Amino acid sequence: MTKTLINFVHANGFPAGSYQALFNYLPKKYQVISHEKYGHDTQYPVENNWQPLVDELISFVKQQLLINNQQQVINVGHSFGGVIAFIAACQQPQLFKSLIMLDPPVVTGSTALAIKLVKKTRLMDKFSPAGKAKSRRTNWPLGTDIAKLFSSRSLFKNFDKRCLDDYISHGVIERNNQLELVFSAQVEADVFRNLAVNLSSYKNKLKLPASLIYADQTNVFPHVYFKRFVKLNKTIDLKVTQGGHMFPLERPEDTAKLIADTIAQW
């Protein structure tokens, strides 16, 4: 039996393989396709409002549809991935059945205008995670206990152990006689610097069923930002779940059920 395709779009800095535990919990009637790392192909550079990365997503989906002999996919994206999944669904709706955005950094109105101005200055590195990303340590001596090192950091402290293991397996490699991050810190910083602030231009452009699910403890933006965003497109319903911004990697089983239940309601 042909399985329904779910195209999963990763968060900035987290290769798609980091979400394998979540994928494993999705019902067997779904087949997950996922581009491993956005922003690393010179054909799709990181630019203002992430448009080349949207193009990269669309190109990947078209290729996968041909390979699997299908017409559409369900688009699911976490954080940055949720935003480019939304834009892609607005630009090429014929490719997608539905859309789920997991804690996406969505800015509209006066906030988007303010960030647009800040993006033209060096202050963007201070007011976004770009500053931390560009100075992130990217290599360690061979033999370093990476799992122990990462688990002590605030970003990873609530990760499900399986998800942390997957992140290390897919995000850290042995290269140049040391351990190195697979995801370029420069690319990660550039993605943060080029935050999409043009989402208001897609008002009422989304024509397919959609859901935005945010975490009750998220620290990306105040919850009102999500409420403002969904008002721009009437097809988007708003849900809240437990956890922080990284909840798909903190609670993979619950998140998989949430995704499956959301799809089922359509």
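The values are calculated or read from the model by the stated rules, or taken from the named source; none is laboratory data. Keep in mind it's a predicted model, so treat the numbers as computed, not measured. Neighbour counts are summed over all protein chains in view; Cβ atoms, including those assigned to glycine, are modelled from backbone coordinates with ideal geometry.
A count restricted to the range 1-47 and to residues that are touching a strand residue (DSSP E or B) at 6+ places or on another chain (Cβ under 9 Å), of a type in the set (Ser, Thr, Tyr) and either in a helix (DSSP H, G or I) or free of Cβ contacts under 8 Å to residues at least 12 places away in the same chain (or both) stands at 1. Within the range 177-217, being crowded, with 16+ Cβ neighbours inside 10 Å, of a type in the set (Ser, Thr, Tyr) and not in a loop (DSSP other than H, G, I, E, B) holds for 202, 211, 214.
Of 193, 162, all but one fail to be basic (Lys, Arg) and in contact with an Asp or Glu (Cβ under 8 Å, 6 or more places away or on another chain); the exception is 193.
A single member of 47, 36 is within 15 Å of the chain's Cα centre (by Cα), of a type in the set (Asp, Glu), modelled with pLDDT of 95 or more and farther than 24 Å from residue 222 by Cα, and it is 36.
The number of residues in the range 231-247 being over 16 Å from residue 77 (Cα atoms) and among the β-branched types (Val, Ile, Thr) comes to 1. Among the residues of the range 108-116, none qualifies, meaning not one is of a type in the set (A, V, I, L, M) and touching a Phe, Trp or Tyr at 6+ places or on another chain (Cβ under 7 Å).
Restricting attention to the range 11-25 and to residues that are surrounded by 18 or more Cβ atoms within 10 Å (Cβ to Cβ) and out of contact with any Phe, Trp or Tyr (no Cβ under 9 Å at 6 or more places or on another chain), the residue that is nearest to residue 75 (Cα to Cα) turns out to be 20. Scanning the range 101-111 for residues that are buried (at least 24 other Cβ atoms within 10 Å of the Cβ) and at positive phi yields one hit, 103. Looking only at residues in the range 137-167 that are in contact with a helix residue (DSSP H, G or I) (Cβ under 8 Å, 6 or more places away or on another chain) and of a type in the set (Gly, Ala, Ser), the one that is farthest from residue 250 (Cα to Cα) is 147.
The set of residues in the range 161-176 that are in a helix (DSSP H, G or I) and of a type in the set (Asp, Glu) comprises 165, 166.
Yes/no per residue for (1) in contact with a helix residue (DSSP H, G or I) (Cβ under 6 Å, 6 or more places away or on another chain); (2) without any contact (Cβ under 8 Å) to a residue 24 or more places away in the chain; (3) surrounded by fewer than 16 Cβ atoms within 10 Å (Cβ to Cβ); (4) part of a helix (DSSP H, G or I):
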| position | (1), (2), (3), (4) |
| --- | --- |
| 49 | no, no, no, yes |
| 55 | no, yes, no, yes |
| 75 | yes, no, no, no |
| 86 | no, no, no, yes |
| 90 | yes, no, no, yes |
| 99 | yes, no, no, no |
| 113 | no, no, yes, yes |
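Pairs linking a residue in the range 211-237 that is touching a residue at least 12 places away in the same chain (Cβ under 8 Å) to a residue that is assigned to a strand (DSSP E or B) and among the charged types (D, E, K, R), with Cβ atoms under 7 Å and 6 or more positions apart or on different chains, are 211/237; 211/239; 213/239.
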